[in-house]
1. Can you give the net charge of the other residues whose Cβ lies under 14 Å from the Cβ of SER80, counting K and R as +1 and D and E as -1?
2. Could you tell me how many degrees, from 0 to 90 and to the nearest 10, lie between the Cα long axis of helix 44-57 and the main elongation axis, the longest principal axis, of the Cα atoms of the chain?
3. What residues qualify as long-range amide H neighbours of LEU92, i.e. H under 5 Å apart, gap of 5 or more or another chain, H built at 1.01 Å from N?
4. For the stretch 19-127, what's the radius of gyration and Dmax over Cα atoms, in angstrom?
5. Within 10 Å of each candidate Cβ there may be at most 14 other Cβ atoms; applying that plus a DSSP loop requirement, which GluC sites (Glu not before Pro) in the stretch 51-130 survive?
6. For GLN114 and TYR11, compute 0.36 nm times the residue count separating them, minus their Cα-Cα distance, and round to one decimal in nm.
7. Considering Cα pairs under 8 angstrom that are at least six residues apart, work out the relative contact order of the chain and quote it in whole percent.
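Taken together, the values in this text are just the output of simple stated rules run on the coordinates, not laboratory data. The structure presented is a predicted model; accordingly, all values stated were derived computationally and were not measured. Neighbour counts are summed over all protein chains in view; Cβ atoms, including those assigned to glycine, are modelled from backbone coordinates with ideal geometry.
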Amino acid sequence: MSADKWRASGYAGPSDSPGFRFWRDFLDWQRQLNARLKPLGLTQPQFAILAVCGWLTREGEPITQSGIANFTGMDRMHISQIVARLERDGLLAKRTDPNDQRANLLSLSEGGQQQLRLAMPIVEAFDAEFFLARDAASRPASGACEL
């Protein structure tokens, strides 16, 4: 099929597609955040699971792997792999739910709490910097008149 016959998209090219731009921005955000988390031995998805586990259990309520998957919208198999790695690294504690032998209850270990305390300011500062730059780039130039 020649390029001039392919007209499946209403966009002139990928850069005009909001979904494609969003995907590229997400990958850029994740790549930069991974670089900042690397000295802590964490990736963005690992940080996300630690943070969600910390947030959801701060009142003492147990959280399951399934609960984290539901909350984050991440694939359950991906959650399982990340949880296994975090448990192996001593950052998460996992135990069987006494009320449901099929479920695993998760909690931050002392090491996980410490890593989260180190990582959270890094992530929050990066998010502010990244999204402020994106926001500034999308605004009209100073002195420009919008109609």
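1. So the environment of SER80 carries a net charge of +3.
2. 50 degrees
3. Correct list: GLU87, SER109.
4. Rg and Dmax of the stretch 19-127, Cα atoms, are 14.3, 46 Å.
5. Those satisfying the criteria are GLU59.
6. Extra length available between GLN114 and TYR11 comes to 32.4 nm.
7. 20 percent
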